[in-house]
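> Starting off with a structure, shown below.
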Amino acid sequence: DSGVTQTPKHLITATGQRVTLRCSPRSGDLSVYWYQQSLDQGLQFLIQYYNGEERAKGNILERFSAQQFPDLHSELNLSSLELGDSALYFCASSSGREGGTDTQYFGPGTRLTVL
Amino acid sequence: GEDVEQSLFLSVREGDSSVINCTYTDSSSTYLYWYKQEPGAGLQLLTYIFSNMDMKQDQRLTVLLNKKDKHLSLRIADTQTGDSAIYFCAERRSSASKIIFGSGTRLSIRP
């Protein structure tokens, strides 16, 4: 158990809908990362937050957005869903401190199926 | 480019050693990581190596780093069926806080 929790575990929805994925980082970690893992594209970095502020952005679509709240949990919002958005969405957390390994610890993921 | 490259598949016999290879592009990488992903699960950190090290050993795992060639390998001794998983190589660069992941190597074990 990495200490990172994600809900829900599974989500099935229809095209055009909007969903929210939730992540709670490990105790003490200030950074949260979101990744998308699909069969044909491997693990894609989406976005990182550090202590409530956006720190780095990857291949995140405009239809997707994220935020990190004062209690450090994070939400990833996916809207106008398309079939191709079906994937595993992982959250990871790290201390966010410079100068160290800043190892990322991954949650169990949310499997999103868009029908 | 940003690529961290790995071969997609590796098949080894149970009890043999597995060697999973990875190449990266940025010589400023500070830490290099190996993660394991079992079916239906998230990524689990296996080990990491700092860029000023050549080798790191942890029980059945040996990480070798050739900084000149930007080549990283993970050797699993006495491979067991429980080692079946996808193994991801990742690098962290000094100039960035994000980590770049390879595409993963699927390790399968045959009896």
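> Just to be sure, is A:L78 of a type outside the set (S, T, N, Q) and in contact (Cβ under 8 Å) with a residue 12 or more places away in the chain? Write out each step before concluding.
Values: of a type outside the set (S, T, N, Q): yes; in contact (Cβ under 8 Å) with a residue 12 or more places away in the chain: yes.
When the stated conditions are applied, A:L78 passes them.
> Quick check, is A:D85 free of Cβ contacts under 8 Å to residues at least 40 places away in the same chain, closer than 14 Å to B:G42 by Cβ and out of contact with any helix residue (DSSP H, G or I) (no Cβ under 6 Å at 6 or more places or on another chain)?
When the stated conditions are applied, A:D85 does not pass them.
> In the stretch B:2-15, which residue that is open to solvent by 70 Å² or more (accessible area, probe 1.4 Å) and over 22 Å from A:Q104 (Cβ atoms) is nearest to the other protein chains (Cβ to nearest Cβ)?
This residue is B:L8.
> Now, a different point. Mind checking which strands (runs of 3 or more DSSP E) fall wholly inside the stretch B:32-111 and carry at least 3 residues that are open to solvent by 60 Å² or more (accessible area, probe 1.4 Å) and within 11 Å of another protein chain (Cβ to nearest Cβ)?
Those strands (runs of 3 or more DSSP E) span B:43-50.
> In the stretch A:88-101, how many are touching a strand residue (DSSP E or B) at 6+ places or on another chain (Cβ under 8 Å), open to solvent by 10 Å² or more (accessible area, probe 1.4 Å) and not β-branched (V, I, T)?
Of the residues in the stretch A:88-101, 2 are touching a strand residue (DSSP E or B) at 6+ places or on another chain (Cβ under 8 Å), open to solvent by 10 Å² or more (accessible area, probe 1.4 Å) and not β-branched (V, I, T).
> I would also like to ask the following. Could you check, for the stretch A:102-109, whether at least one of its residues is within 14 Å of chain B (Cβ to nearest Cβ), farther than 17 Å from B:L43 by Cα, open to solvent by 30 Å² or more (accessible area, probe 1.4 Å) and not in a helix (DSSP H, G or I)? Reasoning before the result, please.
Step one: of the stretch A:102-109, the residues within 14 Å of chain B (Cβ to nearest Cβ) are A:102-109.
Now narrow it down to the ones that are farther than 17 Å from B:L43 by Cα: none.
No; the residues of the stretch A:102-109 include none that is within 14 Å of chain B (Cβ to nearest Cβ), farther than 17 Å from B:L43 by Cα, open to solvent by 30 Å² or more (accessible area, probe 1.4 Å) and not in a helix (DSSP H, G or I).
> Please determine, by comparing only the residues of the stretch A:1-31 that are away from chain B (no Cβ under 12 Å) and of a type in the set (A, V, I, L, M), which one is most open to solvent (accessible area, probe 1.4 Å).
Selected residue: A:I12.
The values are calculated or read from the model by the stated rules, or taken from the named source; none is laboratory data. Everything numeric in this text was worked out from a predicted model, so none of it was measured. So basically every Cβ, Gly included, is an ideal-geometry build from the backbone, and we count neighbours across all protein chains shown. With ligands, DNA and RNA removed, areas are computed over all heavy atoms of the protein, side chains included. Shrake-Rupley method; radii C 1.70, N 1.55, O 1.52, S 1.80 Å.
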